[in-house]
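Heads up, the thing below is written out as structure tokens.
The values are calculated or read from the model by the stated rules, or taken from the named source; none is laboratory data. All values reported here derive from a predicted model rather than from experimental measurement. Note that each Cβ is placed from the backbone with ideal geometry, even for glycine, and that neighbours are counted across all protein chains shown. Remember, those area values only see protein heavy atoms, side chains included, never the ligands or the DNA or RNA. Shrake-Rupley method; radii C 1.70, N 1.55, O 1.52, S 1.80 Å.
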Amino acid sequence: MPSPEFFQVLPPADALALFDQQWQPQPPADTITTAAAPDRILAADIRSPEQVPAFRKSTVDGYAVRGSDTFGASQSLPAFLRLRGELRMGEAPRDDIDAGDALLIHTGGMLPASADAVVMLEHTQTVNEGEIEILRAAAPGENVIQAGEDVAAGGLILPRWHRLRPQDIGGLLAVGIHEVNVVSKPRVGILSCGDELTPPEAELTTGKVRDINAYTLSALAEKYGARPLRLGIAADAIEDYRQRAEAGFDACDILLLSAGSSVSARDYTRDVINGLGEPGVLQHGLATKPGKPTIIAVCKNKPVIGLPGNPVSALLVARQLLPHLIARYQGMRPEPPATTKARLAQRVASVTGREDWLPVKLARAADGERLAEPVFGKSNLIFTLIVADGLLRVPLNTGGYDAGIIVDIERF
């Protein structure tokens, strides 16, 4: 008999709200090298162990001076200063400068203690070997970065839950932080079930089909920042299914069970999930096509999803649910999918009470307008997705879309 929940289907957004209510992620932290941390999520605030820059430095090629020695200088009435030599890059000044002195300095060079400004080369002129003219006044602090101006010692560099970007990696290494604590990537366990399934590398015999769900779901999990764990294939026998599910559940943070979720005499998935821990199954049935027989559950504070065995259904439902779970595990919100607008090439029908997801192929009309051509086919044919460029979502209770309207397409 169908479960009562199956007659009370929920939109995917409401199913995600059930996860949010029943699941409180508690991710551990990993310590990894900063160089290996792009796109990882910080597990703690990071404060700078030192100031940046560590010393006052020039922002231009020019002459380090005392600003007061240049006051009033102009093209018609230059100031004359003694040239005290050149400060090479990477060297600390050996001597200070006195009133009326100038020191040739390069961008990034360290200023002598008494210098408080830098005159750009363009605003100077050489008089002789030991003297220069200053053709424009330089105010104290001009063309100078002060010590600690970028980051103060002890200052907050990056907050917890921040996703590390390339510039962040550079900033951390600039202050000598070579290791960081990041949120562990969630382990997404994927268990397939069915006597008809065989590993993709095995020779195909009569009545068998290759298990592709474990691999498409693994690729999806990895794309969104998780570590997939393929748990093998369970037989259509509840004890084997239960044992493999329990072992996989202990090894992962999010568990996906592929197949066995449809309403049939061989529906073991509900019983297997409920045996993993409280509260168990929260919802059986989503208001979406494909993917209506999906099971939503939380067991011992771990999300569990019972997916259809149909390859297209499994992938498209997981695409709606899994990115949210992976992001939430890491204290983040999922990035919205990339979309593009296109004119629908033909009418798309939909049934009231569900949202439909339809593969589309994108093309250009003769006038250059982008067109979305629906890809029709049986829901278990993975190649309907392979030839498609994206997905069209038909919302609940819209009845479909007429040809010629502008729609949003989620790009693959």
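Taking Arg82 as the residue in question, decide whether it is outside any loop (DSSP other than H, G, I, E, B) and either open to solvent by 70 Å² or more (accessible area, probe 1.4 Å) or among the hydroxyl-bearing types (Ser, Thr, Tyr) (or both). So Arg82 passes the test.
Could you please give the count of residues in region 242-263 that are at pLDDT 95 or above, hydrophobic (A, V, I, L, M, F, W, C) and surrounded by 15 or more Cβ atoms within 10 Å (Cβ to Cβ)? Residues flagged as at pLDDT 95 or above, hydrophobic (A, V, I, L, M, F, W, C) and surrounded by 15 or more Cβ atoms within 10 Å (Cβ to Cβ) within region 242-263 amount to 7. Between Gly155, Gly189, the distinction of being farther than 15 Å from Ile41 by Cβ and crowded, with 17+ Cβ neighbours inside 10 Å belongs to Gly189 only.
One line per residue, one yes/no per condition, for (1) closer than 23 Å to Leu197 by Cβ; (2) modelled with pLDDT of 95 or more:
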{"position": "Asp267", "(1), (2)": "yes, no"}
{"position": "Glu278", "(1), (2)": "no, yes"}
{"position": "Leu282", "(1), (2)": "no, yes"}
{"position": "Lys289", "(1), (2)": "no, no"}
{"position": "Ser313", "(1), (2)": "yes, no"}
{"position": "Ala318", "(1), (2)": "yes, yes"}
{"position": "His324", "(1), (2)": "no, yes"}
{"position": "Arg333", "(1), (2)": "no, no"}
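Please note which strands (runs of 3 or more DSSP E) are completely contained in region 275-322 and include at least 1 residues that are more than 22 Å from Glu335 (Cβ to Cβ) and open to solvent by 20 Å² or more (accessible area, probe 1.4 Å). So the answer is 279-284, 302-307. Checking each residue of region 400-407 against the condition of being part of a strand (DSSP E or B), on the phi < 0 side of the Ramachandran plot, of a type in the set (D, E, K, R) and open to solvent by 70 Å² or more (accessible area, probe 1.4 Å) gives no match.
Taking the criterion of being in contact with a Gly (Cβ under 8 Å, 6 or more places away or on another chain), open to solvent by 20 Å² or more (accessible area, probe 1.4 Å) and either within 30 Å of Gly331 (Cα to Cα) or at pLDDT below 95 (or both), would at least one residue in region 28-42 satisfy it? Yes, that holds for at least one residue. Taking Ser74 as the residue in question, decide whether it is polar (S, T, N, Q), open to solvent by less than 60 Å² (accessible area, probe 1.4 Å) and at pLDDT 95 or above. Judged against the criteria, Ser74 is not a match.
Total residues in region 330-381 satisfying the condition of being more than 26 Å from Pro293 (Cα to Cα), part of a strand (DSSP E or B) and either aliphatic (A, V, I, L, M) or open to solvent by 70 Å² or more (accessible area, probe 1.4 Å) (or both): the figure is 12. Within region 105-137, being open to solvent by less than 40 Å² (accessible area, probe 1.4 Å) and under 44 Å from the mean Cα position of the chain (by Cα) holds for Ile105, Gly108, Gly109, Leu111, Ala117, Val118. Taken over region 203-222, the criterion of being at pLDDT below 95 and either among the hydroxyl-bearing types (Ser, Thr, Tyr) or assigned to a strand (DSSP E or B) (or both) is satisfied by Thr205, Thr206, Val209, Arg210.
I need every pair where a residue in region 73-95 that is of a type in the set (Ser, Thr, Tyr) has its Cβ under 7 Å from the Cβ of a residue that is surrounded by 11 or more Cβ atoms within 10 Å (Cβ to Cβ), sequence separation at least 6 or different chains. From residues that are of a type in the set (Ser, Thr, Tyr), the pairs are Ser74/Leu135; Ser74/Arg136. Just one residue in the set Thr269, Thr198, Thr216 is open to solvent by less than 40 Å² (accessible area, probe 1.4 Å) and touching a helix residue (DSSP H, G or I) at 6+ places or on another chain (Cβ under 7 Å); that residue is Thr216.
If only residues of region 223-241 that are open to solvent by 60 Å² or more (accessible area, probe 1.4 Å) and not in a helix (DSSP H, G or I) are counted, the one that is nearest to Thr198 (Cα to Cα) is Arg230. Tell me which residues, restricted to region 48-66, are among the small types (Gly, Ala, Ser), open to solvent by less than 20 Å² (accessible area, probe 1.4 Å), touching a residue at least 60 places away in the same chain (Cβ under 8 Å) and within 30 Å of Gly155 (Cα to Cα). Scanning region 48-66 gives Ser48, Ser58.
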